[in-house]
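**Q** Have a look at this one.
The values are calculated or read from the model by the stated rules, or taken from the named source; none is laboratory data. Worth saying up front: this structure is predicted, and the values here are computed from it rather than measured. Counting neighbours? That spans all protein chains shown, and the Cβs are built from the backbone with ideal geometry, glycine included.
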């Protein structure tokens, strides 16, 4: 039987212009990797479709040990207070390779 290990998945919906800032934040706090996917939809700020080539949205997914979540959420909260539009949600997940997500900040 394969062993499963608990981790957290941080999901951030953002304008694609913030991707670089988010990646810099992840690297600052020792995050090993992330996945970025294009997103479209409708929410409190209206519909986003990227039809014009401007204002495209992305979803950034990051798998983290629980020990790293708080410091990253504090950094995200500071960005939100500065006026950045970010939607953030966290899910509990199970992985089979926890060592991939345990890198410490340099």
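**Q** Being touching a helix residue (DSSP H, G or I) at 6+ places or on another chain (Cβ under 7 Å), part of a strand (DSSP E or B) and closer than 14 Å to residue 63 by Cα is the filter here; which residues of the range 1-33 pass it?
**A** If the condition is that a residue be touching a helix residue (DSSP H, G or I) at 6+ places or on another chain (Cβ under 7 Å), part of a strand (DSSP E or B) and closer than 14 Å to residue 63 by Cα, then 5, 7, 8, 10, 12 are the ones that fit.
**Q** Please give the number of the condition residue 39 fails out of (1) at pLDDT 95 or above; (2) over 15 Å from residue 84 (Cβ atoms).
**A** (1)
**Q** Scan the range 57-101 for residues that are surrounded by 14 or more Cβ atoms within 10 Å (Cβ to Cβ), out of contact with any strand residue (DSSP E or B) (no Cβ under 7 Å at 6 or more places or on another chain) and not in a helix (DSSP H, G or I) and jot them down.
**A** Matches in the range 57-101: 84 only.
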